[in-house]
Amino acid sequence: MTVNDEYVYDEATGEWGPASEVNPSDAVMSDTANMVRDAVGNLLADGDSVTLVKDLKVKGTSQTIRRGTVIKSIRLTADPQEIDCRYEGIKGLVLHAEFVKKR
């Protein structure tokens with residue numbers, strides 16, 4: 001290999017390999033694996049507004065967030081099933097995507 005060859009990290013095998021050996025369909029599959037879907041299957045993105053589909057008790061507080069509550073401006077995390085958001089009076093609220101529906 002020459003010095004100009006680019007290397008790509010394969011998360012499935014945990015190894016580095018030449019970019020020329022990467023199958024383009026594998027790259028597309030890894031992108032679709034990181035997509036976050038809500039309770040009804042809609043794709044979520046940063047900045048979306050969501051509605052809760054279930055009453056949720058917030059750990060560490062005596063507060064319950066009711067079904068139908070609108071959460072604005074969500075942020076996706078590294079975990080495909082968790083979303084980071086803000087809600088009045090609760091710092092660092094993280095919700096599971098299975099309990100929200102995109103507005």
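The values are calculated or read from the model by the stated rules, or taken from the named source; none is laboratory data. The structure displayed is predicted, hence computed values, not measured ones. As a convention, Cβ positions derive from the backbone with ideal geometry for all residues, glycine included, and neighbour counts pool all protein chains shown.
Screening segment 70-103 for residues that are part of a loop (DSSP other than H, G, I, E, B) and not charged (D, E, K, R) and picking the one that is farthest from L52 (Cα to Cα) gives A78.
It is to be established whether one or more residues within segment 45-55 are in contact with a helix residue (DSSP H, G or I) (Cβ under 8 Å, 6 or more places away or on another chain), assigned to a strand (DSSP E or B) and at pLDDT 95 or above. The answer is yes, given that some residue of segment 45-55 is in contact with a helix residue (DSSP H, G or I) (Cβ under 8 Å, 6 or more places away or on another chain), assigned to a strand (DSSP E or B) and at pLDDT 95 or above. Here's a check for you: in segment 33-44, which residue that is assigned to a loop (DSSP other than H, G, I, E, B) and exposed (fewer than 12 other Cβ atoms within 10 Å of the Cβ) is modelled with the lowest pLDDT? Among those residues, the one meeting the criterion is N34. Considering segment 64-82, and only residues there that are in contact (Cβ under 8 Å) with a residue 24 or more places away in the chain and out of contact with any Phe, Trp or Tyr (no Cβ under 9 Å at 6 or more places or on another chain), the residue that is surrounded by the most Cβ atoms within 10 Å (Cβ to Cβ) turns out to be I74.
Determine whether R103 is touching a residue at least 24 places away in the same chain (Cβ under 8 Å), charged (D, E, K, R) and loosely packed, with under 14 Cβ neighbours inside 10 Å. For R103, the condition - touching a residue at least 24 places away in the same chain (Cβ under 8 Å), charged (D, E, K, R) and loosely packed, with under 14 Cβ neighbours inside 10 Å - is met. Of all residues in segment 83-103, those being touching a Phe, Trp or Tyr at 6+ places or on another chain (Cβ under 7 Å) and of a type in the set (K, R) number 0. Assess whether D48 counts as being surrounded by 11 or more Cβ atoms within 10 Å (Cβ to Cβ), closer than 28 Å to D10 by Cα and of a type outside the set (S, T, Y). No: the conditions fail for D48.
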